[in-house]
Each structure stands twice: as C-alpha cells, then as structure tokens.
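Only one structure is covered here, and it is reproduced in the block below.
Please treat every number below as a calculation from the coordinates, not as lab data. As the structure is a computational prediction, the values presented were derived from the model and not from experiment. Positions of Cβ are generated from backbone atoms using ideal geometry, with glycine treated the same way; all protein chains shown enter the neighbour counts.
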Amino acid sequence: MSRTGRKTIALVAHDHRKVDLAEWAAFNRDILAAHELVATGTTGSILTHELGLEVETMLSGPLGGDQQLGARIAEGAVDLLIFFWDPLEAQPHDPDVRALLRIATVWNVAVATNRATADYLVSSPLLHAPYERTMPEFAGDRESSGSAA
C-alpha cells in the first residue's frame with residue numbers, strides 16, 4: 001500500500017487484448033515510467049522490449065503469473081491492477097483469472113479491466129499522491145489465517 005506518490009502497478013493482458021494494452025501503455029508511457037511496474041510473462045516482455053519500460057516480469061498467467069500477482073496483492077505490494085481481460089474468449093486458466101480479480105477486490109486494490117477505466121485511473125490525482133487505502137474488516141484475519149487450527 002503506497003504511502004508515497006510512487007505506486008506499484010500490475011499489468012496483465014489476455015492474448016487478444018495484448019495489442020490494446022501495448023497501445024494504451026505507449027500512450028501513457030511517461031506516467032507508467034514514473035511508477036514500479038510488474039506484469040505477467042508476455043505482457044511484461046512486450047512492455048519492456050517494445051516500449052523500453054522497466055518491468056518486473058512474473059511467469060505467464062496460465063503458468064502461475066496470475067497467482068504470483070495475487071500473492072503480491074495479498075501482501076499489500078500492489079496499488080493498482082490494470083487487467084485487459086478478454087470477456088469473449090474462454091480462458092483455460094479462468095479459475096486463476098477469477099482468483100486474481102477476487103483478491104484485488106478483497107484487498108481494495110483499484111482495478112481497470114478496459115482502456116476507459118485504465119485512463120481514469122492513471123489520470124486521477126491520487127496516482128501521484130500518497131494514498132492509504134482502507135482495508136476491509138476481514139483484512140485483520142490475515143495474521144490469524146496463517147496459524148494452525
């Protein structure tokens with residue numbers, strides 16, 4: 001959870017949405033470059049090689065990258081999730097996709113699933129200001145969930 005103006009932004013795109021995300025990222029390159037970026041496999045490679053952005057790249061989504069990002073969210077290490085998912089194409093790793101969106105919602109992380117919402121998020125004055133997001137009541141269960149019952 002960012003108490004500074006520099007945020008950690010996770011970027012994910014399904015195969016049929018990668019071009020859209022790359023175009024969006026190119027348009028917002030300067031904004032993105034001012035923040036910490038983390039992405040799943042191919043998306044991270046595209047952002048690094050085509051746009052020259054510094055991106056920490058996880059595994060490919062179907063190979064565990066979605067779960068790696070979910071773990072980062074649960075640890076409080078992600079401030080925004082930009083996830084251009086494809087609602088018209090069945091995904092073989094759909095349970096992982098749903099889990100990633102679910103965990104972002106549980107931990108009150110801002111999520112954009114399309115270009116319009118992503119535009120609103122990166123143009124918000126809160127992107128460049130300290131922001132402490134409120135945590136849901138059950139977030140306190142995080143410490144107790146690791147103990148054996």
Checked the range 1-75 against the a/c 1.5 cut and the a/b vs b/c comparison, axes a ≥ b ≥ c from its Cα gyration tensor; verdict oblate
Rounded to one decimal in nm, the spacing of the 7 Å Cα→Cβ label points at MET135 and VAL106 is 1.3 nm
Could you work out the longest stretch of the chain that avoids the GluC sites (Glu not before Pro) located in DSSP loops with at most 15 other Cβ atoms within 10 Å? 1-53
Let me know the shape class of the range 11-120, please: from the alpha-carbon gyration tensor, a ≥ b ≥ c as square roots of the eigenvalues, rounded when a/c is under 1.5, otherwise prolate if a/b is greater than b/c, or oblate. rounded
Go through the range 37-44 residue by residue and turn each phi into a ³J(HN,Hα) via Karplus (6.51, -1.76, 1.60, θ = phi - 60°); whole Hz please, and just put x for glycine and proline. 10, 9, 8, 6, x, 5, 4, x
Could you grab the relative contact order for the chain? Cα pairs under 8 Å, six or more apart, rounded to a whole percent. 30 percent
Loop only per DSSP, at most 14 neighbouring Cβ atoms within 10 Å: give me the trypsin sites (Lys or Arg not before Pro) in the range 93-137, ordered by residue number. ARG133
Rounded to whole Hz, the Karplus (6.51, -1.76, 1.60) HN-Hα couplings of the range 102-114, x for glycine and proline: 5, 5, 5, 5, 4, 8, 6, 8, 5, 10, 10, 10, 8
When the Karplus curve 6.51 cos²θ - 1.76 cosθ + 1.60 is applied with θ = phi - 60°, which whole-Hz ³J(HN,Hα) does each residue of the range 6-14 get, with x for Gly and Pro? 7, 10, 9, 10, 8, 10, 9, 8, 5
Out of residues 5 or more away from GLU56 or on other chains, whose amide H comes under 5 Å of its own, with H placed 1.01 Å from N in the peptide plane? LEU37, VAL38, ALA39
Sorted by chain and then number, the residues having a modelled amide H within less than 5 Å of the amide H of ALA112, at least 5 places away or on another chain, are LEU81, ILE82, PHE83
Among GLN68, LEU32, PRO87, whose Cα projects farthest towards the positive end of the dipole of the chain, with charges put on the beta-carbon of Lys, Arg (+1) and Asp, Glu (-1)? LEU32
